[in-house]
1. Go through the range 52-98 and give me each residue that's among the aromatic types (Phe, Trp, Tyr) and touching a strand residue (DSSP E or B) at 6+ places or on another chain (Cβ under 6 Å).
2. What number goes with the only condition from (1) in contact with a Phe, Trp or Tyr (Cβ under 9 Å, 6 or more places away or on another chain); (2) crowded, with 17+ Cβ neighbours inside 10 Å that GLU42 does not pass?
3. Being touching a residue at least 12 places away in the same chain (Cβ under 8 Å) and either out of contact with any helix residue (DSSP H, G or I) (no Cβ under 9 Å at 6 or more places or on another chain) or crowded, with 17+ Cβ neighbours inside 10 Å (or both) is the filter here; which residues of the range 81-99 pass it?
4. Any residue at all in the range 150-163 that is of a type outside the set (Ser, Thr, Tyr), crowded, with 20+ Cβ neighbours inside 10 Å and modelled with pLDDT under 90?
5. Report those helices (runs of 4 or more DSSP H) wholly inside the range 177-288 carrying at least 1 residues which are of a type outside the set (D, E, K, R), without any contact (Cβ under 8 Å) to a residue 40 or more places away in the chain and surrounded by 19 or more Cβ atoms within 10 Å (Cβ to Cβ).
6. I'm trying to understand the selection: among the residues of the range 53-80, which are over 24 Å from VAL134 (Cβ atoms), touching a residue at least 60 places away in the same chain (Cβ under 8 Å) and surrounded by fewer than 19 Cβ atoms within 10 Å (Cβ to Cβ)?
Amino acid sequence: MKAELIDVNLTGSNSIRIKKVNQHYLNAPFHFHSSCELVWVEKSFGKRIVGDNIGNFKDNDLVLMGPNLPHIWRNDEMFHKSTQSRRVKATVIYFSPTFLLNLVDDPEITKVANELIRKATRGLIFRGKCNEKVCGILANIEKESGFNKIIRFLQAIEILATSKEYEYLASMSFKNMYAEKDTDRLSNVYQFLMLNFSRNIDLKEIADMCNMTSNSFCRFFKSRTQKSFTQFLNELRIGHACRLLQEEKYSVSDACYKSGYNNPANFNKFFKSIIGQTPSEYRKRLKI
């Protein structure tokens, strides 16, 4: 799938843009841009793709993404049904890397800022006390004005830059291989898979969407995503299964069938190859 290059409407390299999201569901396509992006999901859940990482997002997730890192956030299907009253609430801050790097001439501060931006090129998700402190700042940042808004933003950046409570999202080997001409085609594929992963999906069905033969589509998909189509689909399904296993009301069998697997043996095999544990071991670890 191709990522779309978009304009995030920064007024210059020395500015930040704060966007408050309050809508029924997320609808941005798979995209990237030249700015860094800090995202606090106040209330929502669904699937998230950052680079070559496929995962879930939930309330209070805090993610920092560097420039030109392709990503898409998509709510689970219940958000898209008109009968549901769910809403997405989030705060997004866009800022240019040069905004941080040009603040002062102090080499120590420049080094810390550079390192944060370097790590963010793979996408970072922050946990623990770091998450709590920064989310607390972002909850009220839009109410600030003038210098106070910038000061609060820099306080959040300082916490992120000095924290060790983070995990990388995209792999170390990931490179943005998306070409402009592929954008619509790949965005359609991603949206389709995120909507339909729980049912049987025939490779020809996907290839036909792209007006390709099955073999051509497989080569195309792997060259852009750095994953085979089968690997991508299994990671999407197992990620969903992990979310279900975090809820007591779903059994391991429920997680299997609701994630698109018709055979528990295959489900266990793919789950262990991707997560490193069986579904039962994963659930037992969560309880501990």
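1. PHE57, TRP73, TYR94, PHE95
2. So GLU42 meets the others, but not (1).
3. Result: VAL88, LYS89, ALA90, THR91, VAL92, ILE93, TYR94, PHE95, SER96, PRO97, THR98, PHE99.
4. There is no residue in the range 150-163 that is of a type outside the set (Ser, Thr, Tyr), crowded, with 20+ Cβ neighbours inside 10 Å and modelled with pLDDT under 90.
5. 203-209, 214-225, 229-245, 252-258, 264-275, 279-287
6. Selection gives GLU77 alone.
The values are calculated or read from the model by the stated rules, or taken from the named source; none is laboratory data. Bear in mind the structure is a predicted one, so any value in this text is a computation, not a measurement. Note: ideal-geometry Cβ built from the backbone for every residue, glycine included; neighbour counts use all protein chains shown.
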